[in-house]
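The values are calculated or read from the model by the stated rules, or taken from the named source; none is laboratory data. In this text, all values refer to a predicted model and were calculated from it rather than measured experimentally. Virtual Cβ from ideal backbone geometry, glycine too; neighbours counted across all protein chains shown. Just the protein is used for accessible areas: all its heavy atoms, side chains included, with ligands, DNA and RNA removed. Shrake-Rupley method; radii C 1.70, N 1.55, O 1.52, S 1.80 Å.
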Amino acid sequence: MLSKATSDVIPVMAFMQLNLSDGPLVPYAGIAGGYEWLLLSAQDYETGLGYDATFGGFGWQAWAGLGLTVAKSVRLTGEFFTNQSDVERDVLDPTGVSYSERVNLDGTGMRFGLNFGF
């Protein structure tokens, strides 16, 4: 039984976004592609065993959203997105056998934030 587990996804991607208007409400859509890392860490407090792994692989994202202009160069944003990626790592077990571990990071979600420029 795991007592603690964490995961972090770090995407480094080039993106293109199209703003569909220039008024107070700004619909937009975008797409990105690049490399993603998944950092996994787990600790079983009963046995004292831990697991730390870093996976990597190429992926892409697409999104569509709406921005609300609140001041010059400042917008509140909300968007739906999809992420598509398989990340993997090669492992050498104690007996010398090599194998590959793969994690599917496909998923959808929503993001909200503050967009500002200078």
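Some points to look at:
- Single residue of segment 93-118 satisfying the filter (touching a residue at least 40 places away in the same chain (Cβ under 8 Å) and not in a strand (DSSP E or B)) that is farthest from residue 33 (Cα to Cα): 118
- Exactly one residue among 108, 47 is at pLDDT 95 or above, β-branched (Val, Ile, Thr) and open to solvent by 40 Å² or more (accessible area, probe 1.4 Å), and that residue is 108.
- Evaluation of residue 22 against (1) out of contact with any Lys or Arg (no Cβ under 8 Å at 6 or more places or on another chain); (2) in a strand (DSSP E or B) (one fails), failing number: (2)
- Residues of segment 43-60 include at least one that is among the charged types (D, E, K, R) and either under 22 Å from residue 117 (Cα atoms) or without any contact (Cβ under 8 Å) to a residue 24 or more places away in the chain (or both).
- In segment 70-92, the residue that is farthest from the chain's Cα centre (by Cα) out of those that are assigned to a strand (DSSP E or B), within 23 Å of residue 29 (Cβ to Cβ) and at pLDDT below 95 is 70.
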